[in-house]
Amino acid sequence: MTRGRLFGLVALALLLGAGGLWGSTRLDWASTTVQVTGHGAVGDVPLAVTGAQVAPVLVGLAVVAVAGVAAAIALSGIARRVLGVIVAAAGVGGVVLAVSAWVDPPSADEIPRLVGSAAGGAAAAPGATVATTAAPLLAVAGGLLVVAGGVLLLLADKRLPRMGARYDAPGTSRPVDPERTAWDELDSGVDPTTEGAFSRSDRAD
């Protein structure tokens, strides 16, 4: 796989993952029946709570995933690997939040509080139960895609394109920066202070 295609795969995973995380927050995650009192009448009406109300952090994690695409273009080496760890951690956080909310959804009493002022002071109807949807699974899928994108950034950094390399004219060599060379040596696991590193520098001279 070429460098460009590999980076495209990373970007696709992060963008699709961000879409899954954000999209799930727009859907209903759980619902119950609440009792509404007004104008002397009492009635039971259904009330649903969205992913954004149950787990608002998911929106921020989706933003992290999208920002990771732009940052991955500008960064390389150790910085891009650190970015990979951060992005993967965001994906794991999204999966954990979604699974937790699906396994342990809000109670009938909590849903009106999560909905807030839109519930108009409604309270859970006596004996009301909570019905859940499969919407959190979309967040789980999105989180896993973000994790995959972060892991690729971490493990395949050397195979990803570096910013600036594409602008070099064919057949031209860039001036050697000793400081940059030393950092590249460290990046590749070679100690630039060893005799082998100095001999390479001598040969280059």
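The values are calculated or read from the model by the stated rules, or taken from the named source; none is laboratory data. What you are looking at is a predicted structure, and each value in this text was computed from that prediction instead of being measured. No Cβ is skipped: glycine too gets one built from the backbone with ideal geometry, and neighbour counts run over all protein chains shown. SASA here: full protein model, heavy atoms, side chains in, ligands and nucleic acids out. Shrake-Rupley method; radii C 1.70, N 1.55, O 1.52, S 1.80 Å.
Among the residues of region 84-109, just one is more than 17 Å from Thr32 (Cβ to Cβ) and touching a Pro at 6+ places or on another chain (Cβ under 6 Å), namely Ala98. Just checking, does region 71-78 include any residue being open to solvent by less than 20 Å² (accessible area, probe 1.4 Å) and modelled with pLDDT of 95 or more? No, region 71-78 has no match at all. Close contacts from region 1-28, counting a first residue that is modelled with pLDDT under 90 and a second that is open to solvent by less than 80 Å² (accessible area, probe 1.4 Å) and among the small types (Gly, Ala, Ser), with Cβ to Cβ under 8 Å and a gap of 6+ residues or different chains, come to Leu6/Ala156; Phe7/Ala72.
For Ala65, the stated conditions hold: it is modelled with pLDDT of 95 or more, assigned to a helix (DSSP H, G or I), buried (at least 22 other Cβ atoms within 10 Å of the Cβ) and among the small types (Gly, Ala, Ser). Does Ala48 qualify as being open to solvent by 30 Å² or more (accessible area, probe 1.4 Å) and among the small types (Gly, Ala, Ser)? When the stated conditions are applied, Ala48 passes them. Kindly evaluate Thr32 against the criterion of being open to solvent by 60 Å² or more (accessible area, probe 1.4 Å) and over 21 Å from the mean Cα position of the chain (by Cα). When the stated conditions are applied, Thr32 does not pass them. Residue count for region 128-144, restricted to those that are closer than 25 Å to Val10 by Cα and in contact with a strand residue (DSSP E or B) (Cβ under 7 Å, 6 or more places away or on another chain): 2. With respect to Ala48, is the statement that it is of a type in the set (Gly, Ala, Ser) and assigned to a helix (DSSP H, G or I) true? Considered against the rule, which asks whether it is of a type in the set (Gly, Ala, Ser) and assigned to a helix (DSSP H, G or I), Ala48 comes out as no. Test Leu144 against the stated conditions and say whether it is within 30 Å of Asp44 (Cβ to Cβ) and open to solvent by 60 Å² or more (accessible area, probe 1.4 Å). The answer is no for Leu144. Residues satisfying the criterion are absent from region 69-82 (criterion: of a type outside the set (A, V, I, L, M, F, W, C), under 30 Å from Asp157 (Cα atoms) and without any contact (Cβ under 8 Å) to a residue 12 or more places away in the chain). Being at pLDDT below 95, of a type in the set (A, V, I, L, M) and touching a strand residue (DSSP E or B) at 6+ places or on another chain (Cβ under 7 Å) is a description that applies to Ala48.
Those residues that are modelled with pLDDT of 85 or more, outside any helix (DSSP H, G or I) and either open to solvent by 50 Å² or more (accessible area, probe 1.4 Å) or closer than 26 Å to Gly60 by Cβ (or both), I need them from region 110-130; list them, please. Once the filter is applied, which keeps residues that are modelled with pLDDT of 85 or more, outside any helix (DSSP H, G or I) and either open to solvent by 50 Å² or more (accessible area, probe 1.4 Å) or closer than 26 Å to Gly60 by Cβ (or both), region 110-130 yields Thr129, Val130.
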